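Heads up, the thing below is written out as structure tokens.
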Amino acid sequence: MIKVNNISKSYDDLQVLKDISFEIQDGEIVSITGASGAGKTTLLNIIGTLDKADSGEILINGKDITKLSDKELSMFRNKEIGFVFQFHYLLAEFTALENVIMPAILYGGDRKQAEAKAKELFAILSINGKENNFPNELSGGEQQRVAIARALINSPALVLADEPSGNLDSKNAQSLFDLFFLLREKFHQTFVIVTHSEKFSSMSDRKLVISDGKIISE
């Protein structure tokens, strides 16, 4: 599903990623771990087309994303990749439902269909009844589930998560991890998750450990 070949990335004189290669299969849940500054988030952003590598190639479902134009990347990202971040980035002036359907509307989707899909996701994520609440009316765990619904609204093949449990207590973090496995079973999506949680990384199908810009174990 993902093939990363010889990816390198530097910022000025600092080389963050050093000739990284690996593959991830369709439907896998793979965690990326390592110390702060090891290059985890940089790698995730490059896979997610939010940043560009200096060299190497990345294929997602056979498409070499390193060769796409900015416009093609934007379309590919919105349709094929869902993002879940440590901070929810929900827009305060919009309801939970409006936040969730926004990527579908931007993609040119029908609003009624998007709302129907969003309500289905709210039920799956156990936040049904919260559609008309504003973000400040939701708990931290509920906000993160709204953010996950937003990531899933366009039915992406790939979901990338960067420290998704970083702002959650242990109970909500465990619930979030369980949720990823439920979503994988229901939608057969591929998850790549940056995490410091040893508990979650051990639950993943595979764990990639990065140190000093290189994968040191798998």
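I'm trying to understand the selection: among the residues of the range 143-164, which are among the polar types (S, T, N, Q), within 16 Å of Leu90 (Cα to Cα) and either modelled with pLDDT of 90 or more or open to solvent by 10 Å² or more (accessible area, probe 1.4 Å) (or both)? Write out each step before concluding.
Step one: list which residues in the range 143-164 are among the polar types (S, T, N, Q), which gives 143-144, 154-155.
Imposing the further condition that a residue be within 16 Å of Leu90 (Cα to Cα) reduces the set to 143-144.
Listed by number, the list holds a single entry, Gln143.
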* Considering every residue within the range 38-58, establish whether at least one is of a type in the set (Ser, Thr, Tyr), under 14 Å from the mean Cα position of the chain (by Cα), over 19 Å from Ser155 (Cα atoms) and surrounded by 13 or more Cβ atoms within 10 Å (Cβ to Cβ). => yes
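Take the residues in the range 51-91 that are part of a loop (DSSP other than H, G, I, E, B) and either modelled with pLDDT under 85 or touching a Phe, Trp or Tyr at 6+ places or on another chain (Cβ under 8 Å) (or both), then tell me which one is nearest to Leu121 (Cα to Cα).
To start, the set of residues in the range 51-91 that are part of a loop (DSSP other than H, G, I, E, B) comprises 51-54, 61-62, 68-69, 86-91.
Checking which are either modelled with pLDDT under 85 or touching a Phe, Trp or Tyr at 6+ places or on another chain (Cβ under 8 Å) (or both) leaves us with 68, 86-89.
Details: Leu68: 31, Gln86: 20, Phe87: 20, His88: 17, Tyr89: 18 Å.
Top of the filtered list is His88.
Identify all residues within the range 98-117 that are of a type in the set (A, V, I, L, M, F, W, C) and either crowded, with 20+ Cβ neighbours inside 10 Å or outside any helix (DSSP H, G or I) (or both); write none if there are none. Write out each step before concluding.
First, the residues of the range 98-117 that are of a type in the set (A, V, I, L, M, F, W, C): 100-102, 104-106, 114, 116.
Listed by number, the residues that qualify are Val100, Ile101, Ala104, Ala114.
Checking the conditions here, which among Asn128, Asn136 is open to solvent by 70 Å² or more (accessible area, probe 1.4 Å), of a type outside the set (A, V, I, L, M) and in a loop (DSSP other than H, G, I, E, B)?
Asn128
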* Structure fact -> Per the list (1) open to solvent by 60 Å² or more (accessible area, probe 1.4 Å); (2) modelled with pLDDT under 85, residue check on Lys207 breaks on (2)
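The values are calculated or read from the model by the stated rules, or taken from the named source; none is laboratory data. Note that the coordinates shown come from a computational prediction; the quantities given were computed from them, not determined experimentally. As a convention, Cβ positions derive from the backbone with ideal geometry for all residues, glycine included, and neighbour counts pool all protein chains shown. The protein model used for the area step is the full one, side chains on, heavy atoms only, and it has no ligands, DNA or RNA in it. Shrake-Rupley method; radii C 1.70, N 1.55, O 1.52, S 1.80 Å.
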